[in-house]
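Every read-out reported here was derived from the displayed coordinates using simple, explicitly stated rules and does not represent laboratory data. The structure displayed is predicted, hence computed values, not measured ones. Counting neighbours? That spans all protein chains shown, and the Cβs are built from the backbone with ideal geometry, glycine included.
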Amino acid sequence: MQYGKLPLSKYNEENDTEIYYYPDINSLFWLELQESNEKILVSEIVSLIEKLNIKNLIFLRESNQQWISNFTKNRKDFIPLIKAVNYFSEHKIKNKYNGGVKVNNAEFETFIENFYILTRCDSGFFDFNFIDENENYLFYLHYSGDLRIITLNRNANQRIMTVVHETKLVDSMREDSSRIESSPN
């Protein structure tokens, strides 16, 4: 399977359980902005991704469910959410769509901005990950604005330690996560 390092889950009807697949990891980091600011969060995430020389990201839901719920599609109470749903609809990600999406670096900012709006506004939009094509980094954007980065090999781990200091993202100090080493400067 292409992009076989993306986490997946499937419901097993025979024994009424969820089956989870998760890749082997090198390190797991949780990052946040030095000062919480939704306006610069997306640009800092994009900056980090670009500094990692990532040209394309693949977004996929862990479970086999549609991207946009009917409830979210029909909400009319929050203009940014309406615009985000329209953005995805214009890109053929409508309420029945449940596949992966490949996003190139020219679209990172707009796509992630709309993706983050859905993450914040739809509690059912919680199990999406995105990965680079070379499968070095696995990302997850939490509704709080924290970014989880799982490095899938030692080289990726060393690279993230170097470039994270070139952004305004810092270690969020979550339990059970790896620590970002202090900047060498």
Computed [θ] at 222 nm, deg cm²/dmol, the chain (DSSP H ≥ 4; -39,500 (n - 2.57); rounded to nearest 500): -9000 deg cm²/dmol
Estimated Rh, region 25-171: Kirkwood, alpha-carbon pairs, angstrom: 15.6
Loop GluC sites (Glu not before Pro), region 1-49 (other Cβ atoms within 10 Å of the site Cβ: 13 or fewer; DSSP): Glu13, Glu14, Glu35
Trypsin sites (Lys or Arg not before Pro) within region 1-89: DSSP coil, no more than 10 neighbouring Cβ in 10 Å: Lys76
³J(HN,Hα), Karplus 6.51/-1.76/1.60, whole Hz, each residue of region 72-78, x for Gly, Pro: 5, 4, 8, 5, 10, 9, 9
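For a quick check: sort Phe128, Phe71, Phe88 by the number of other beta carbons within 10 angstrom, fewest at the front.
Ascending Cβ contact count within 10 Å gives the list Phe71, Phe128, Phe88.
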